[in-house]
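These notes concern the structure reproduced below.
The values are calculated or read from the model by the stated rules, or taken from the named source; none is laboratory data. Worth saying up front: this structure is predicted, and the values here are computed from it rather than measured. Please note: Cβ atoms are built from the backbone with ideal geometry, for glycine as well, and neighbour counts cover all protein chains shown. These accessible areas exclude ligands, DNA and RNA; they are computed on the full protein's heavy atoms, side chains included. Shrake-Rupley method; radii C 1.70, N 1.55, O 1.52, S 1.80 Å.
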Amino acid sequence: KQILKLDEGLIDIHYKLADLYSVQKLIADAIAELSIVVSYYEKKNRFNEVVSILKEMLIIAPQNIGVRLKLAEYYHKKGFVNETIAEYEIAFKSFIKEGKLEKAEKLYLALYPDNQMDIKVILEGLVEIYSLKGENENLIKYYKELADIYEERGESEKRKEIFERI
(Lines give C-alpha, C1' and ligand atoms only; values in the text may rest on other atoms or scores of the structure.)
Protein backbone atom coordinates (compact mmCIF):
# COMPACT_ATOMS: atom_id res chain seq x y z
CA LYS A 1 0.00 0.00 0.00
CA GLN A 2 2.90 2.33 0.74
CA ILE A 3 4.38 1.71 -2.69
CA LEU A 4 1.03 2.51 -4.32
CA LYS A 5 0.91 5.82 -2.46
CA LEU A 6 4.07 6.77 -4.35
CA ASP A 7 2.89 5.50 -7.73
CA GLU A 8 -0.63 4.16 -8.27
CA GLY A 9 0.25 3.11 -11.81
CA LEU A 10 2.25 0.08 -10.71
CA ILE A 11 -0.13 -2.58 -11.96
CA ASP A 12 2.02 -5.46 -10.73
CA ILE A 13 1.70 -4.12 -7.19
CA HIS A 14 -2.10 -3.89 -7.48
CA TYR A 15 -2.10 -7.46 -8.73
CA LYS A 16 0.12 -8.68 -5.87
CA LEU A 17 -1.97 -6.76 -3.31
CA ALA A 18 -5.11 -8.41 -4.70
CA ASP A 19 -3.45 -11.79 -4.30
CA LEU A 20 -2.56 -11.01 -0.67
CA TYR A 21 -6.10 -9.83 0.05
CA SER A 22 -7.47 -13.00 -1.51
CA VAL A 23 -5.26 -15.19 0.68
CA GLN A 24 -6.52 -13.27 3.73
CA LYS A 25 -10.14 -13.75 2.56
CA LEU A 26 -10.60 -10.00 2.15
CA ILE A 27 -12.68 -10.58 -0.97
CA ALA A 28 -14.02 -7.06 -1.50
CA ASP A 29 -10.51 -5.60 -1.24
CA ALA A 30 -9.12 -8.20 -3.65
CA ILE A 31 -11.88 -7.45 -6.16
CA ALA A 32 -11.26 -3.70 -5.82
CA GLU A 33 -7.56 -4.13 -6.59
CA LEU A 34 -8.25 -6.42 -9.53
CA SER A 35 -10.78 -3.89 -10.84
CA ILE A 36 -7.94 -1.37 -11.06
CA VAL A 37 -5.93 -3.90 -13.07
CA VAL A 38 -8.93 -4.54 -15.36
CA SER A 39 -9.36 -0.80 -15.97
CA TYR A 40 -5.68 -0.49 -16.85
CA TYR A 41 -5.87 -3.30 -19.40
CA GLU A 42 -9.13 -1.97 -20.80
CA LYS A 43 -7.46 1.37 -21.53
CA LYS A 44 -4.70 -0.50 -23.32
CA ASN A 45 -7.26 -2.58 -25.30
CA ARG A 46 -5.69 -5.79 -24.07
CA PHE A 47 -8.66 -8.14 -24.34
CA ASN A 48 -6.92 -11.34 -23.26
CA GLU A 49 -5.59 -9.79 -20.07
CA VAL A 50 -8.99 -8.30 -19.20
CA VAL A 51 -10.71 -11.65 -19.66
CA SER A 52 -8.02 -13.42 -17.65
CA ILE A 53 -8.35 -11.00 -14.73
CA LEU A 54 -12.16 -11.17 -14.82
CA LYS A 55 -11.94 -14.97 -14.65
CA GLU A 56 -9.64 -14.67 -11.63
CA MET A 57 -12.15 -12.31 -10.02
CA LEU A 58 -14.85 -14.94 -10.47
CA ILE A 59 -12.66 -17.56 -8.84
CA ILE A 60 -12.33 -15.27 -5.82
CA ALA A 61 -15.98 -14.16 -5.83
CA PRO A 62 -18.11 -16.53 -7.95
CA GLN A 63 -21.36 -14.87 -6.84
CA ASN A 64 -20.28 -11.44 -8.10
CA ILE A 65 -22.83 -10.89 -10.85
CA GLY A 66 -21.33 -7.55 -11.91
CA VAL A 67 -18.04 -9.21 -12.78
CA ARG A 68 -19.85 -12.08 -14.49
CA LEU A 69 -21.86 -9.66 -16.66
CA LYS A 70 -18.71 -7.74 -17.57
CA LEU A 71 -17.03 -10.99 -18.63
CA ALA A 72 -20.10 -11.90 -20.69
CA GLU A 73 -19.91 -8.51 -22.43
CA TYR A 74 -16.28 -9.08 -23.33
CA TYR A 75 -17.04 -12.52 -24.68
CA HIS A 76 -19.92 -11.05 -26.66
CA LYS A 77 -17.74 -8.31 -28.17
CA LYS A 78 -15.32 -10.93 -29.42
CA GLY A 79 -18.05 -13.22 -30.76
CA PHE A 80 -17.59 -16.06 -28.28
CA VAL A 81 -21.24 -17.07 -28.34
CA ASN A 82 -21.14 -20.18 -26.13
CA GLU A 83 -19.06 -18.47 -23.45
CA THR A 84 -21.33 -15.42 -23.57
CA ILE A 85 -24.46 -17.50 -23.14
CA ALA A 86 -22.93 -19.50 -20.30
CA GLU A 87 -22.08 -16.36 -18.31
CA TYR A 88 -25.46 -14.75 -18.98
CA GLU A 89 -27.26 -17.95 -17.94
CA ILE A 90 -25.42 -18.01 -14.60
CA ALA A 91 -26.31 -14.36 -14.01
CA PHE A 92 -29.91 -14.99 -15.06
CA LYS A 93 -30.28 -17.97 -12.71
CA SER A 94 -28.79 -15.96 -9.89
CA PHE A 95 -31.29 -13.15 -10.47
CA ILE A 96 -34.16 -15.66 -10.50
CA LYS A 97 -32.91 -17.35 -7.33
CA GLU A 98 -32.68 -13.99 -5.56
CA GLY A 99 -36.18 -13.03 -6.75
CA LYS A 100 -34.84 -10.22 -8.93
CA LEU A 101 -37.21 -10.94 -11.79
CA GLU A 102 -37.03 -7.41 -13.18
CA LYS A 103 -33.25 -7.63 -13.55
CA ALA A 104 -33.51 -11.08 -15.15
CA GLU A 105 -36.16 -9.79 -17.53
CA LYS A 106 -34.12 -6.71 -18.42
CA LEU A 107 -31.06 -8.86 -19.07
CA TYR A 108 -32.79 -11.22 -21.50
CA LEU A 109 -34.86 -8.53 -23.20
CA ALA A 110 -31.62 -6.68 -23.95
CA LEU A 111 -30.22 -9.86 -25.53
CA TYR A 112 -33.44 -10.81 -27.32
CA PRO A 113 -32.94 -8.91 -30.60
CA ASP A 114 -29.30 -10.02 -30.87
CA ASN A 115 -29.01 -12.47 -33.73
CA GLN A 116 -25.61 -13.77 -32.58
CA MET A 117 -27.01 -15.23 -29.38
CA ASP A 118 -28.77 -18.56 -29.06
CA ILE A 119 -32.38 -17.37 -29.17
CA LYS A 120 -33.61 -20.66 -27.67
CA VAL A 121 -31.82 -19.97 -24.37
CA ILE A 122 -33.13 -16.41 -24.29
CA LEU A 123 -36.70 -17.46 -25.07
CA GLU A 124 -36.59 -20.18 -22.41
CA GLY A 125 -35.41 -17.57 -19.93
CA LEU A 126 -38.16 -15.13 -20.88
CA VAL A 127 -40.75 -17.90 -20.58
CA GLU A 128 -39.50 -18.68 -17.09
CA ILE A 129 -39.65 -15.02 -16.05
CA TYR A 130 -43.17 -14.44 -17.34
CA SER A 131 -44.34 -17.69 -15.83
CA LEU A 132 -43.01 -16.61 -12.42
CA LYS A 133 -44.46 -13.12 -12.83
CA GLY A 134 -47.82 -14.45 -13.97
CA GLU A 135 -47.79 -12.31 -17.10
CA ASN A 136 -49.74 -14.63 -19.36
CA GLU A 137 -49.82 -12.38 -22.42
CA ASN A 138 -46.02 -12.17 -22.58
CA LEU A 139 -45.72 -15.82 -21.58
CA ILE A 140 -47.84 -16.96 -24.51
CA LYS A 141 -46.00 -14.64 -26.91
CA TYR A 142 -42.62 -16.15 -26.05
CA TYR A 143 -44.01 -19.69 -25.79
CA LYS A 144 -45.16 -19.41 -29.41
CA GLU A 145 -41.74 -18.18 -30.54
CA LEU A 146 -40.08 -20.96 -28.59
CA ALA A 147 -42.39 -23.51 -30.22
CA ASP A 148 -41.27 -22.25 -33.63
CA ILE A 149 -37.63 -22.66 -32.61
CA TYR A 150 -38.31 -26.21 -31.42
CA GLU A 151 -40.01 -26.96 -34.73
CA GLU A 152 -37.00 -25.63 -36.69
CA ARG A 153 -34.68 -27.80 -34.61
CA GLY A 154 -36.81 -30.90 -34.91
CA GLU A 155 -37.69 -31.02 -31.22
CA SER A 156 -41.33 -31.98 -31.74
CA GLU A 157 -41.89 -33.30 -28.20
CA LYS A 158 -40.85 -30.00 -26.65
CA ARG A 159 -43.02 -28.15 -29.16
CA LYS A 160 -45.98 -30.33 -28.24
CA GLU A 161 -45.38 -29.65 -24.51
CA ILE A 162 -45.49 -25.90 -25.16
CA PHE A 163 -48.80 -26.08 -26.94
CA GLU A 164 -50.22 -28.16 -24.11
CA ARG A 165 -49.08 -25.54 -21.62
CA ILE A 166 -50.60 -22.73 -23.66
(request) Determine whether region 107-118 contains at least one residue that is free of Cβ contacts under 8 Å to residues at least 12 places away in the same chain and within 23 Å of residue 57 (Cβ to Cβ). (result) yes
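So which of 134, 66, 99, 154 ends up being over 25 Å from residue 38 (Cβ atoms), within 17 Å of the chain's Cα centre (by Cα), surrounded by fewer than 17 Cβ atoms within 10 Å (Cβ to Cβ) and free of Cβ contacts under 8 Å to residues at least 12 places away in the same chain?
On the way: 134 fails: within 17 Å of the chain's Cα centre (by Cα); 66 fails: over 25 Å from residue 38 (Cβ atoms); 154 fails: within 17 Å of the chain's Cα centre (by Cα).
Being over 25 Å from residue 38 (Cβ atoms), within 17 Å of the chain's Cα centre (by Cα), surrounded by fewer than 17 Cβ atoms within 10 Å (Cβ to Cβ) and free of Cβ contacts under 8 Å to residues at least 12 places away in the same chain holds for just one of 134, 66, 99, 154, which is 99.
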(request) Kindly provide the set of residues from region 72-112 that are among the acidic types (Asp, Glu) and closer than 20 Å to residue 46 by Cα, ordered by number. (result) 73, 83
(message) I'm trying to understand the selection: among the residues of region 148-166, which are in a helix (DSSP H, G or I) and under 29 Å from residue 77 (Cα atoms)?
(response) 148, 149, 150, 152
(request) Give the residues of region 114-131 that are surrounded by fewer than 21 Cβ atoms within 10 Å (Cβ to Cβ) and either over 16 Å from residue 146 (Cβ atoms) or among the small types (Gly, Ala, Ser) (or both), sorted by residue number. (result) 114, 115, 116, 131
(request) Tell me which of these residue 123 doesn't satisfy, since it passes every other one: (1) at positive phi; (2) touching a residue at least 24 places away in the same chain (Cβ under 8 Å). (result) (1)
(request) Among residues belonging to region 1-57 that are polar (S, T, N, Q) and open to solvent by 70 Å² or more (accessible area, probe 1.4 Å), point out the one that is modelled with the lowest pLDDT. (result) 2
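Identify, please: which residue in region 121-146 is out of contact with any Leu (no Cβ under 7 Å at 6 or more places or on another chain) and under 20 Å from residue 84 (Cβ atoms) and is, among those, modelled with the lowest pLDDT? It would help to see each step written out before you state the result.
Quick first cut of region 121-146, residues out of contact with any Leu (no Cβ under 7 Å at 6 or more places or on another chain) only: 121, 125-126, 128, 134-141, 143-144.
With under 20 Å from residue 84 (Cβ atoms) added as a condition, the list becomes 121, 125-126, 128.
Working: 121: 86, 125: 91, 126: 93, 128: 93.
That would be 121.
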